[in-house]
Amino acid sequence: MGRYIIRRILWGIAMLFIVSAVVFFIFYVLPSADPAVLRAGRNAGPQQIAQIRHSLGLDKPIWQQYLIYVRQVFLHFDFGYSYQYNVPVRQLIFSRLPATIWLTVGAVIIWLALGLTVGIISAVRRRSIVDRASMTTSLAFISAPVFWLGLVSLYLFADDIGQFPIFPGQGSFASASTVFQKAGAMILPWCVLAAATSAVYARYMRASMIDTMGEDYIRTARAKGLPERTVIRRHAVRSAITPIVTLLGLDVGILLAGNAILTETVFNIPGVGRLLYNAINVSDLTTIQGITLFGAFFIVFFNLIVDIGYAYLDPRVRYT
Amino acid sequence: MRSRSRLLGVFLPGFLAVVSIGLAACGSSSKTTSGSGSSSGASSSSSSGSAVSAELAKFPAVVHAPAGAKKGGTLTVLANADVDYIDPGAAYYQPTYTVDLAVDSPLMGWPPADTAAPQPLLASGQPAVTDGGKTITFKIKPNIRYSPPLGGGPGWSKPVVAQDVKYAIERGLLPGVPNGYLTLYFADVQGLAAAQAAVKKDPKKAPNISGITTPDSSTIVFHLSKPSAIGLIDALSLPLSSPVPEGYAANFDSKTPSSTYGEHQIDVGPYYISNYSPGKQIVLLRNPNYTAGSDFRPAYLDKVVIQQGFSDTNSAVSKILTGSDMVNFDFSATGQSLKTAATQYPKQLSLSPGGGNRYIAFNTTKPPFNNINTRKAVIAAANRVALRDTRGGALAGGLATHFIPPGIPGFQQAGGVAGPSGSQYDFIQHPTGDLSLAESYMKKAGYSSGKCSGNCTITMVATNVPPGSDTAQVAKAQFAALGFNVQLHPVEQAVMYTKFCSVVANEPNVCPNVGWIKDFNDGQAMIDIPFNGATVTGSPTNNSNWPQLNDPTINTALNSAKYITNPAQRAAEYGKIDDMVVALAPAIPWIWDYNSNVASKDVAPVINQFNALTDLSFTSLK
Amino acid sequence: MSVSTTSDLELAEAEAGAAVELVAGGDIAARSPWELFVRRFREDKFALVSIGFLVLLVLVAIFAPVVCSLVGAPGPYKADTNALDLFGQPTGPSSAHLFGVDQLGRDVFSRVVYGARVSLLVAFVSTAITTVIGVFLGLFAGYYRGWVDTLVSRTVDAWLAIPYLLLAIGLASACSFGTGCVGGLVKPGVPVVIAVIALTSWTYPARIIRGQVLSLREKEFVDAARSLGASNRRIIVKELLPNLAAPIIVFVTTFVPTAILFEAALSFLGVGVQPPTPSWGQMISDASLNIQSQWWYMLFPGLALLFTVLAFNFVGDAMTDALNPRTRKS
């Protein structure tokens, strides 16, 4: 087991290198805006632009820039300065992470609670009205684009513009100071983000439960005379939940890497996703790189945690 | 969600973004209705009168603090994006000046109602201009002290001295403090070229500009090689000359690639920046070391919080209108929110001329628009009212007929609202378009049918967010009416400028989303760079003369106009040049923007006409 | 991911290509897998209705101009300035415009109808490309193992961390001009969207197919074929691919809705289909700023998206159930 972990960690580090190289490559092969000209402003002549380009290190050959960047990051944990905000990228990311973490954690709790419950009940009561209704509803939620759901929920419930204003509106998270206020500002975004995902989890859980409940050992457990409840809880769920755990690790890693961009944009939450989107729009390479690396790190980390947890949950799975 | 104004000019200092500077003086524009093609629009106003347009009169901007204004309270300012630079030496974006007007004290400053010329701020009086306009001497006020530093630390306890102003300007040459106008407006200061060479050798130390001298600690003298004193004095109202002590800042300025002074700055205005979270918020508090009454800023508010990230500007406007203690920062009310404000909350809306224009630029160096008659044809066919509708109709701005907007000296001289008169300007005299006139120009251009024939494919690069993208689509349809096959390529705004429109080698046939905002109220700041041939040859990768106009007569006129010291003569000359530019049909001017500012009902906003935005030092709560 | 085993009876059934079923009355009737599949599919009423809806949708998309003229709608590109009020703001549903107009005065009904073209085109083409790439790579990785497998699997892992938005925006601005990229194939708009979807999503089918191939290659029939001297290529084409048909079909039917939503999201963020081409995601994006007062041009495209994706999902679900031997139980 130990060897497995070490191999995974080594691979994780290798992946960080690869990912940053790919981002550099994309950035240079597919041209976007010119950060030196943006910094220099509209009155700047070519001399000034060249000077700024030189100070940003953009006039060096790509591979050299890549090596310098990699050395800074891995040896000094220095992610450079954002071209756009002129502050260290690390500081910028850390200032945005809390909002994304708030969003992710809350949404995860809701979608797990909702998704797993619905999935288990649907599986247990297969083909009943409950099953049909919940599966159809969850299908409906998966089928609506998350930003549309966000907009509709703002329209209906947010007190800036809503018809039935019960939740605070856009931008309320940024101005909230107490934990209570922050949570209040997050309820609508949590629900929106969790809606589609809980539907996915409900369906996976249902399918996984159905698979599991058809197993021989479940039949054996029932034959032993155990009450149905115990059969479900102790045997079926425990085994059915393993693919969900893998999915969860991946989803959390991806959200923290900035993929909640749509929800963050609709509700004006100052998180990592928005930061990445803004950075891409102004070709702020250092910020893009920084967020991508952080994101890759989260994905690797959570994947690892999940796979280790998987081994504990399912005794049949062993790693060499 | 994608915002109308989020990306507009976010990090392009000075590029025509959402807001602009302006003066509420004599600009009149007649009210036009959108859609119906009947009225000719530009008929009723006089070219010499000072009647304010109907729209501006209905929603006037308050430029004086009300009598009995109350001290205290916290104002919340909702912002779409961040300031361009928190470092005053690099700041160039109009909304950034909202912050800088409150925390910095350059030599000269702008009281909200004064736009003709700046007033002394750090300077103790008007400067002495001697030696035929080549030597300018300022005396600075004594006993001005610095605020506690942003980001904590020991700060600087010594009072402001003249050397601090000199260093503040010199540090603008560092590549880590990319100042956007030093080389432009300070070009004639002696020793500038040597200083630029010195900073190239050592980019970590601000060079000495020998033309700026400080004979004693309260006097600073500028020695110019040419008599361009007016331009320089105007430029000294920008935040660059707000004092920065070398002993405090040199350490921060030596960092590469950017100076870190901005995040550790010390301020001398009535407020100081006590907290800065990039992209999230800026907090201003009363400067404890500021002596009340030392300049014209009354400073009623105790605290200002600027909150960023409101990409949905429509709901931000509605939040301001229905909430309390809020104003807008860097976005105007446009479209739907403008309609709501105008119809439901008229007392909370104010319009000010923004001191900027927008135009659709032709690339005059390649076919088909290298032919002046083709250009005149397109301008004649253009429905400028429809273009203005994409920004909200008559409340969004005046219908442009030439390039200098209302409030800038030269506006009236160039023809005022109606624009230049005379039959040689007939193509610009039909705001909703005149197809038959257009066709006659096409025939003069050589298209015998009156519409394009042969190779009619043209390229157009526009922004991909509204309202710019909407304007581009309307423009495309108007070009198509004359038979052109338009290939429209919407891209990110930053890409549009830095990769296409501002790069001479890559410029498409048409750039529909360009325009210009003044740096300050002077003709030079408005039409020199955008229409001077020297811009194209001098900055081929950062070219703001999008039509690539390079006419020797105009170039000569512009190059000598900046040395005229008599204001009336100066205005007349720039007005004349404006009309000369219009005659060459390099672009379709279509709007002179208004800034529409909104405030909550318990705020008494004062709009500073310099940047047509709320002045934090004069605004109070009711 | 579950490690349960298939019961032997079912395995024999699937491999024998025939099924044994008890019919009321005691007769035993043989049914081919195809008949079984159709039978089980037919049981799901939702899926049948959805198929009907989708066929209708495809017809509407193909005959969009006819549909618009039937209803009297002016088409998706005509800007009707009379439908804009004094402030340049759009008006809602009226007799001239069934679903109202958008911010430039264009008829929303026509744009929703034409938008079906874009959504369906993007969905089908990007699904096809994604599936082909994914199946190809997954097959090779799973069958040949060794360094090919390591390379593909590690690439799949790393791929998740690349910000697809960067790729999308970069592609869009790089391929803006003249003939675009890849010899004119990739231009901003629909081609870039398809490219982005395919480039980011190939990892899903690759993973699935690889897993399937890993288990299939150990089965007896593969051994049998190999011992008969069949070449690798023959094994892949004749033995493996037919058995992969089921998971591939399942993947395709579940991915099409994802592709539609992906396109909508990209358009929403400004890097998708370019105006004036109507796309549902783009319309919602345009509408998003004014939902409180101009609800119509967010509601109708949103509902269109919702129903289309729902229909695909129902069909996909039914396919999955029908093709999965294990759900026959209980």
Under 26 Å Cα-Cα from residue B:601, which lysines qualify once same-chain neighbours fewer than 8 residues away are excluded? B:58, B:70, B:71, B:280, B:303, B:319, B:339, B:347, B:622
What nm distance separates the two modelled labels at residue A:127 and residue C:136, each placed 7 Å from Cα along Cα→Cβ? 4.3 nm
For the protein assembly as shown, what ratio Rg/Rh do Cα atoms give with a Kirkwood hydrodynamic radius? 1.00
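Got a sec? How would B:266, C:162 order by Cβ neighbour count within 10 Å, fewest to most?
With the sparsest Cβ surroundings first, the list reads C:162, B:266.
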Please give the FRET efficiency for residue C:86 paired with residue A:137, using the beta carbon to beta carbon distance and R0 = 45 Å, rounded to the nearest 0.05. 0.55
Crossing angle, helix A:179-213 versus chain A [Cα axis fit, 0-90 degrees, rounded to tens]: 50 degrees
Chain B, Kirkwood Rh and Cα Rg, ratio Rg/Rh at 0.96
Rounded to one decimal in nm, the spacing of the 7 Å Cα→Cβ label points at residue A:305 and residue A:223 is 4.1 nm
Would you work out the Kirkwood radius for the stretch B:104-270? I mean one over the mean of 1/r across all pairs of different Cα atoms, in Å. 16.0 Å
So, with points 7 Å from each Cα along the Cβ direction, the residue C:70-residue A:175 label distance in nm works out to 5.0 nm
Quick one: net charge around residue C:102, please, counting Lys, Arg +1 and Asp, Glu -1 for every other residue with C-beta under 11 Å from its C-beta. -2
If Lys and Arg each add +1 and Asp and Glu each add -1, what is the summed charge of the other residues whose beta carbon sits under 14 Å from the beta carbon of residue C:76? 0
Span per principal axis, largest first, for the Cα atoms of the stretch A:97-314 (Å): 63, 41, 31
Rounding to the nearest 10 and keeping the result within 0 to 90°, find how far the Cα-based axis of helix B:552-561 lies from the longest principal axis of chain B. 30 degrees
Distance between the C-alpha centers of the stretch B:523-559 and the stretch C:239-261? Whole Å please. 60 Å
Sorted by Cβ density within 10 Å, fewest first, the residues B:501, B:452: B:452, B:501
Net lengthening on full extension, residue B:343/residue B:197 (0.36 nm per residue, minus Cα-Cα): 46.8 nm
Whole-number percent relative contact order across chain A, with pairs defined as alpha carbons under 8 Å at least 6 apart: 25 percent
Note on chain B, DSSP bridge orientation, antiparallel percent to nearest 5 equals 75 percent
Theoretical gain in end-to-end length, residue A:117 to residue A:234 [0.36 nm per residue, Cα-Cα removed]: 40.6 nm
Relative to the present Cα-Cα distance, how much length would full extension add between residue A:183 and residue A:74 at 0.36 nm per residue of separation? 35.6 nm
Which value in deg cm²/dmol, rounded to the nearest 500, describes the helix-derived mean residue ellipticity at 222 nm for chain A, given -39,500 (n - 2.57) per DSSP H run of n ≥ 4 and division by the residue count? -24000 deg cm²/dmol
Kindly state, to the nearest 0.05, the FRET efficiency for residue C:230 paired with residue B:480, given R0 = 45 Å and r defined as their beta-carbon distance. 0.15
Give me the aspartates and glutamates in straight-line cross-link reach of residue A:182: C-alpha distance below 16 Å, same-chain residues under 8 apart excluded. A:159, A:264
Quick one: B:565, B:390, A:242, fewest Cβ neighbours within 10 Å first, how do they rank? B:565, A:242, B:390
What lysines sit close enough to residue A:60 to cross-link, taking a C-alpha to C-alpha distance under 20 Å and skipping anything fewer than 8 places away on the same chain? B:200, B:201, B:204, B:255, B:499
I'd like the FRET efficiency for residue B:219 and residue A:58, computed as 1/(1 + (r/R0)^6) with the beta carbon distance as r and R0 of 60 Å, rounded to 0.05. 0.90
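Using Cα-Cα distances under 8 Å and only pairs 6 or more residues apart, what relative contact order does chain B have, in percent? Present the calculation step by step, with values, prior to reporting the outcome.
Working: 1535 pairs, mean separation 147.8, N = 622.
Worked out over chain B, it gives 24 percent.
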Per-residue [θ]222 nm for chain B (sum of -39500 (n - 2.57) over DSSP H runs n ≥ 4, rounded to 500): -7000 deg cm²/dmol
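No value in this document is a laboratory result; all are computed from the given coordinates. All figures in this text were calculated on a predicted structure; none of them were measured in a lab. Glycine gets a Cβ as well: all are built from the backbone with ideal geometry, and neighbour counts include every protein chain shown.
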